[in-house]
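Report on the structure given below.
The values are calculated or read from the model by the stated rules, or taken from the named source; none is laboratory data. As the structure is a computational prediction, the values presented were derived from the model and not from experiment. In this analysis, Cβ positions are derived from the backbone assuming ideal geometry, glycine residues included, and neighbour counts consider all displayed protein chains.
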Amino acid sequence: MNEDQVKGKLKDVAGRIERQAGEWTGDKDKQAHGALKQAEGKVQNAWGNLKDAGEKAADNKNSNETDEPASGSAETEEDARSRRKAG
């Protein structure tokens, strides 16, 4: 988990609590503020998920580039997949 995912999740939970408290007390402003905070948290968490996926894709690309067989090698794509699964 990266920082945006953690902060987003915390905002989401805090927003839910505030929204729920507003519902229980009938405070429309608190409900609205809590819903806004909840939405901000969901967006920040989604942004963190995208960043995390991008980093993982970049890591996979870099590791796949270094795992490629030397040019002229007779290794097939199926052999490469098997080797990656084993390692």
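Quick test of your reading of the structure: Met1 fulfils all but one of (1) part of a helix (DSSP H, G or I); (2) surrounded by fewer than 13 Cβ atoms within 10 Å (Cβ to Cβ). Name the failing condition by number.
(1)
Right, Lys37: assigned to a helix (DSSP H, G or I), modelled with pLDDT of 95 or more, in contact with a Lys or Arg (Cβ under 6 Å, 6 or more places away or on another chain) and among the basic types (Lys, Arg) or not?
Criteria met by Lys37.
Can you tell me which residue among Ala57, Ala53, Ala14 is of a type in the set (A, V, I, L, M) and either modelled with pLDDT of 95 or more or in contact with a Gly (Cβ under 6 Å, 6 or more places away or on another chain) (or both)?
Every option except Ala14 fails the conditions.
Being touching a Pro at 6+ places or on another chain (Cβ under 7 Å) and either at pLDDT below 85 or closer than 15 Å to Val13 by Cβ (or both) narrows it down to one residue among Glu68, Glu75; which is it?
Glu75
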